[in-house]
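For reference, the structure is listed below as structure tokens.
The values are calculated or read from the model by the stated rules, or taken from the named source; none is laboratory data. Everything numeric in this text was worked out from a predicted model, so none of it was measured. Here Cβ is always computed from backbone atoms with ideal geometry, including for glycine, and neighbour counts include all displayed protein chains.
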There are 4 protein chains.
Amino acid sequence: MKKAILIIQCPDQKGIVAEVSQFLYAYQGNILEVDQHVDEEMGMFFMRAAWELDSFSLHKEEIAERFQAEVGKRFQMEFKLHFNFPKPRMAIFVSKLSHCLFDILGRHHAGQLEVDIPLVVSNHESLRDIVEAFRIPFHHIPVTPETKAAAEANQLELMKAHEVDFVVLGRYMQILSPEFIAHFPHRIINIHHSFLPAFVGAKPYHAAFERGVKIIGATAHYVTEELDAGPIIEQEVARVRHHNTISELVQIGQDVEKVVLSKAIKYHLDRKVLAFKNKTVIFY
Amino acid sequence: MKKAILIIQCPDQKGIVAEVSQFLYAYQGNILEVDQHVDEEMGMFFMRAAWELDSFSLHKEEIAERFQAEVGKRFQMEFKLHFNFPKPRMAIFVSKLSHCLFDILGRHHAGQLEVDIPLVVSNHESLRDIVEAFRIPFHHIPVTPETKAAAEANQLELMKAHEVDFVVLGRYMQILSPEFIAHFPHRIINIHHSFLPAFVGAKPYHAAFERGVKIIGATAHYVTEELDAGPIIEQEVARVRHHNTISELVQIGQDVEKVVLSKAIKYHLDRKVLAFKNKTVIFY
Amino acid sequence: MKKAILIIQCPDQKGIVAEVSQFLYAYQGNILEVDQHVDEEMGMFFMRAAWELDSFSLHKEEIAERFQAEVGKRFQMEFKLHFNFPKPRMAIFVSKLSHCLFDILGRHHAGQLEVDIPLVVSNHESLRDIVEAFRIPFHHIPVTPETKAAAEANQLELMKAHEVDFVVLGRYMQILSPEFIAHFPHRIINIHHSFLPAFVGAKPYHAAFERGVKIIGATAHYVTEELDAGPIIEQEVARVRHHNTISELVQIGQDVEKVVLSKAIKYHLDRKVLAFKNKTVIFY
Amino acid sequence: MKKAILIIQCPDQKGIVAEVSQFLYAYQGNILEVDQHVDEEMGMFFMRAAWELDSFSLHKEEIAERFQAEVGKRFQMEFKLHFNFPKPRMAIFVSKLSHCLFDILGRHHAGQLEVDIPLVVSNHESLRDIVEAFRIPFHHIPVTPETKAAAEANQLELMKAHEVDFVVLGRYMQILSPEFIAHFPHRIINIHHSFLPAFVGAKPYHAAFERGVKIIGATAHYVTEELDAGPIIEQEVARVRHHNTISELVQIGQDVEKVVLSKAIKYHLDRKVLAFKNKTVIFY
């Protein structure tokens, strides 16, 4: 089914739901999903509406302009209009750890992710075979402190050439530069292997072991300039015990990481994530 | 803040959200929450809208009639209009186990439940002291096979005299008659001490022990004529191990029971539960 | 590190831990793990002890006999002696669904499962490519009501030829005959896509949808003659909501299934599962 | 059933389990539970053994000395010997929030906690009525910066007079002085309303709201001089969403707090917690 999805944010005021839904109704839109959220602290209104496109009397290309003229302007809305076609294009960046990558490829192979994966980029060679078994091109771009700038330039060119919409860091062990990040605002999803804000930075499983926590976790978030501080999309945890070694924490944690990352990708694909300042609204 | 809450169900069709929100907007309603759900299998539409009453230009008493005339009739809606005042009145039925009762009384004492509790009814005397310490009247109505009909008549009189809106069975160890249930359709909440539909009936913890399950649970549901088969409001589980005795299962389970029951009461009070056929829509 | 693992069951009586640990100590065994469980209902004692083999003064081949003579006989023990080498050999049976299979292959590829996988057997061709990308032989053995007996004979021959120790049914959509099962007592692990004993049999996600449950689950168990009734090894659940379609329940459930199955495999490989009558003791 | 419980820690070496269990067997001890843990990093061995006292041939008063002479000395053990009688004596410190207090009192009333509660201490009057309804003495000791030292002296006197074994801080909003803490090493249990080490210090729910986390939690730990940094006994979490206000986070969190605190009390009472350096071993 062809769908349109409208994501709106604006200062809170009366009549928004009425006017938006009236607009869709006026052009024969059959609303499939509608969600709204008022952030009272910030005085902001957030809304997401999805409707069937086939019966809609406005042409795909006219919708944004009409909506701006008839509704958006009056409420000072910032809005984005998405369609569920063509499929978005996602690049995956990995290093040596395979659990997130395989989990994504497995779901994609099973038809559960409505996305195209034009390429996988890695700073190591080791995962090439499996990626290519899934018939996805694999690009090995080594990164050293000296070559980092050139490597990122190379990566950006590939993103452009493959018309990549968003990037998933599936345990990619390199820190992206602010310049790279600026090309994909709220369009780079990272999985951090701790329950943020606990254990920011490197080696969170070691830190969790030292502190003697009884629960570990993982956090999927959009990447911003500040390390591990971007808007959180999803989190999950798992119980651990005193007898678990660091290596067992790593294995238990990886099961959490892959599930959390895949959920975040799904929310992002379904246009269910609204990021505003440093938080997210997730309409699931 | 004074609020009105509208709960709607009708056959699914275009324009419902638009017309309902337009109605509220036309009379200056500031929408606080709006949720909708389409059950595609049944072709049914469900909606819940809450708005501020102070700025609303219709009088409290006019709303239902006007809504029916202007919107409801056209879409063949069944709807209920609620206000968050006066507080609903809840009776609690218990036997000897205290964990659910104390949990509810504790929350009520802490101001977390917007409800009046005019009485607690029990077929035993044992919990009188604590109930009365919370300054709530305690009625001891013994029940035997012979006195059951009379006891229920007595209970119903009390319900009427205290203008009880709904009944909570906090581990009340008696089965209510269809006649009693008929007085409170979808207004009796029971906590069953298993993860339904597993272990229907008596002694679910014994059955769980026998089967060697690794997880136990509890289910809050509306009471209908068929035992343990009413619409499920909430469920939760807890992990158990091979070394747990039945008595430990009971204790672990009771922690789940009390949390699940209190959640169900809260959803019911906030008018977030829409029961239809044998299922519930919960807008949390 | 080379390890020996002793699994014991016997009628409960005094002195068992003392005598077993004294036996290991007498021959210079460095105990790594020791766990015990008394089932008071059945009057049974269960124990698991693991120790380093390098410093042990008994030869690998002598241990069982000496233990029987010095300890086992006296306490009427049934015991099994395992070593963590050579690796056990596991066959995976699948149909068309890939999520469990890919999850296992991914873990194996990452070096997290101490097991050899000599073959994957399927009644369909569709998963051959990926399996072979992991360099594991794939055997397509179609099964129809007419060919079932021949197919099982074929499968059993393969099991024998590949010296398979245990079989994992990773959503294998065929019911194995009692004859097949008899070859692998408590050595066939199945994943059932519900929280047993809820929703036994086919189409549990449909049944869960119909009943309107708020939580779904999955169960890994040893296969016995009675369908879905064997000893439960592991269970896990996930929360669902009224708006989830059956197809969403399936996806949410698959995430649970694959994690539960892989945990069960890990417990089995680590010799942490003691199955007795229809229950398991799991020393994790 | 009268039980003895032995808690041991010593440098790891061969033969400990054998010698300890042999000691118990030699004096006719029927072992009920035995658990051990080796911390390989620290080279430390931890053990807990519980046995029936009735059939034990050593007198209660002799056990410690004999054990030290026959086993402890040789392995340089630090050990503690506990009995499950008389019941330990627990003081509860609270401020105005009632959820943890009521939860503990409810369990105690239901006979689930093997403990005497000689008194509740509060810096406010507000919870007196309910505490006294449970027939437990309530002591109001106001605390201001000026009177803090005197108040603590008063509290310590009460602890002494009532022979208090350990103290539970059930959301007690005062920081205890190092002097007070020194009287109860690893015998003061605090509940912190966050998933430590995330959100140390005051107002963790506000901090969680600001950061936009998707999961909140609570942590029960032993109190040490460093704020919120003592050994963690138990942790649990709950899922939250973007629409939850801070006041909703508080309510959701309180359900977690009370369950976690009661679990920690139960582990402590059952002598299942071994605290070493800044971590705990929990034999549950």
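Checked against the criterion of being out of contact with any His (no Cβ under 7 Å at 6 or more places or on another chain) and modelled with pLDDT of 95 or more, the candidates B:Gly253, B:Gly212, B:Gly230 yield just one match: B:Gly212.
For the stretch D:201-230, residues that are facing chain A (nearest Cβ under 10 Å), of a type in the set (Val, Ile, Thr) and out of contact with any strand residue (DSSP E or B) (no Cβ under 7 Å at 6 or more places or on another chain) total 0. Residue under question is D:Glu152, and the condition is that it be surrounded by fewer than 21 Cβ atoms within 10 Å (Cβ to Cβ), of a type in the set (Asp, Glu) and under 28 Å from D:Phe85 (Cβ atoms); does it hold? No; evaluated as a whole, the condition is false for this residue. One residue stands out among those in the stretch D:9-27 that are in a loop (DSSP other than H, G, I, E, B) and more than 7 Å from chain C (Cβ to nearest Cβ): the one that is farthest from D:Glu78 (Cα to Cα), which is D:Tyr27.
Does B:Gly253 qualify as being in a loop (DSSP other than H, G, I, E, B) and either of a type outside the set (A, V, I, L, M) or within 24 Å of C:Phe276 (Cα to Cα) (or both)? It is false that B:Gly253 is in a loop (DSSP other than H, G, I, E, B) and either of a type outside the set (A, V, I, L, M) or within 24 Å of C:Phe276 (Cα to Cα) (or both).
For the stretch D:10-36, enumerate the residues that are crowded, with 21+ Cβ neighbours inside 10 Å and in contact (Cβ under 8 Å) with a residue 24 or more places away in the chain. Passing the criteria: D:Ile16, D:Val17, D:Val20, D:Ser21, D:Leu24, D:Gly29. Is it the case that A:Val237 is under 24 Å from D:Val281 (Cβ atoms), buried (at least 21 other Cβ atoms within 10 Å of the Cβ), modelled with pLDDT of 95 or more and more than 8 Å from chain D (Cβ to nearest Cβ)? Considered against the rule, which asks whether it is under 24 Å from D:Val281 (Cβ atoms), buried (at least 21 other Cβ atoms within 10 Å of the Cβ), modelled with pLDDT of 95 or more and more than 8 Å from chain D (Cβ to nearest Cβ), A:Val237 comes out as no.
In the same structural domain as B:Val94 (by TED's automatic domain parsing), under 19 Å from D:Asp103 (Cβ atoms) and touching a helix residue (DSSP H, G or I) at 6+ places or on another chain (Cβ under 8 Å), is that true of B:His109? Yes, satisfied. In contact (Cβ under 8 Å) with a residue 60 or more places away in the chain, more than 22 Å from the chain's Cα centre (by Cα) and either on the phi > 0 side of the Ramachandran plot or within 14 Å of chain A (Cβ to nearest Cβ) (or both): is that true of C:Gln76 in this structure? Yes.
Among the residues here, A:Phe195 qualifies as within 9 Å of another protein chain (Cβ to nearest Cβ) and either touching a residue at least 60 places away in the same chain (Cβ under 8 Å) or over 25 Å from A:Val131 (Cα atoms) (or both). For D:Thr245, the conditions (1) of a type in the set (S, T, N, Q); (2) within 11 Å of chain A (Cβ to nearest Cβ); (3) within 15 Å of the chain's Cα centre (by Cα) are fulfilled apart from (3). Could you list, in sequence order, the residues of the stretch C:113-127 that are within 11 Å of chain A (Cβ to nearest Cβ) and surrounded by fewer than 16 Cβ atoms within 10 Å (Cβ to Cβ)? C:Ser126 - this is the single residue of the stretch C:113-127 that is within 11 Å of chain A (Cβ to nearest Cβ) and surrounded by fewer than 16 Cβ atoms within 10 Å (Cβ to Cβ).
Among the residues of the stretch A:81-110, just one is more than 10 Å from chain C (Cβ to nearest Cβ), under 18 Å from A:Lys266 (Cβ atoms) and among the small types (Gly, Ala, Ser), namely A:Ala91.
A quick yes/no check of all residues on (1) buried (at least 18 other Cβ atoms within 10 Å of the Cβ); (2) within 14 Å of chain A (Cβ to nearest Cβ); (3) part of a strand (DSSP E or B):
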position: C:Met1; (1), (2), (3): no, yes, no
position: C:Ile7; (1), (2), (3): yes, no, yes
position: C:Met42; (1), (2), (3): no, no, no
position: C:Ala49; (1), (2), (3): yes, no, yes
position: C:Ser57; (1), (2), (3): no, no, no
position: C:Gln68; (1), (2), (3): no, no, no
position: C:Val71; (1), (2), (3): yes, no, no
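A single entry from D:Glu163, D:Glu132 fulfils the requirement of being under 23 Å from D:His183 (Cβ atoms) and either among the charged types (D, E, K, R) or outside the structural domain of D:Val273 (by TED's automatic domain parsing) (or both): D:Glu163. None of B:Phe134, B:Phe180, B:Phe209 is closer than 21 Å to B:Lys277 by Cα, crowded, with 16+ Cβ neighbours inside 10 Å and in contact (Cβ under 8 Å) with a residue 24 or more places away in the chain except B:Phe180. Quick check on the stretch B:115-122. Is at least one of its residues assigned to a loop (DSSP other than H, G, I, E, B), of a type in the set (Gly, Ala, Ser) and assigned by TED's automatic domain parsing to the domain that holds B:Asp270? Scanning the stretch B:115-122, I find no residue that is assigned to a loop (DSSP other than H, G, I, E, B), of a type in the set (Gly, Ala, Ser) and assigned by TED's automatic domain parsing to the domain that holds B:Asp270, so the answer is no.
Comparison of A:His139, A:His186, A:His162 shows that the only residue that is at positive phi, out of contact with any Lys or Arg (no Cβ under 6 Å at 6 or more places or on another chain), of a type outside the set (S, T, N, Q) and away from chain C (no Cβ under 14 Å) is A:His186. Taking C:Val164, is it under 30 Å from C:Thr245 (Cα atoms), under 17 Å from the mean Cα position of the chain (by Cα), among the β-branched types (Val, Ile, Thr) and crowded, with 19+ Cβ neighbours inside 10 Å? For C:Val164, the condition - under 30 Å from C:Thr245 (Cα atoms), under 17 Å from the mean Cα position of the chain (by Cα), among the β-branched types (Val, Ile, Thr) and crowded, with 19+ Cβ neighbours inside 10 Å - is not met. Checking each residue in the stretch C:256-281 for being out of contact with any strand residue (DSSP E or B) (no Cβ under 7 Å at 6 or more places or on another chain) and assigned to a helix (DSSP H, G or I) picks out C:Lys258, C:Ser262, C:Lys266, C:Leu269.
For the stretch A:212-234, the set of residues classified as without any contact (Cβ under 8 Å) to a residue 12 or more places away in the chain and surrounded by 23 or more Cβ atoms within 10 Å (Cβ to Cβ) is empty.
Matching residues to (1) under 30 Å from C:Ser262 (Cβ atoms); (2) modelled with pLDDT under 95; (3) outside the structural domain of C:His162 (by TED's automatic domain parsing); (4) aromatic (Phe, Trp, Tyr):
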| residue | (1), (2), (3), (4) |
| --- | --- |
| C:Gln28 | no, no, yes, no |
| C:Glu33 | yes, yes, yes, no |
| C:Glu40 | no, yes, yes, no |
| C:Arg48 | yes, no, yes, no |
| C:Phe56 | no, no, yes, yes |
| C:Ile63 | no, no, yes, no |
| C:Gln68 | no, no, yes, no |
| C:Arg74 | no, no, yes, no |
| C:Phe79 | yes, no, yes, yes |
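Select from the stretch D:267-283 the residues that are at the interface with another protein chain (Cβ under 9 Å from one of its Cβ atoms) and buried (at least 19 other Cβ atoms within 10 Å of the Cβ) and list them in ascending order. D:Leu274, D:Thr280, D:Val281, D:Ile282, D:Phe283, listed by residue number.
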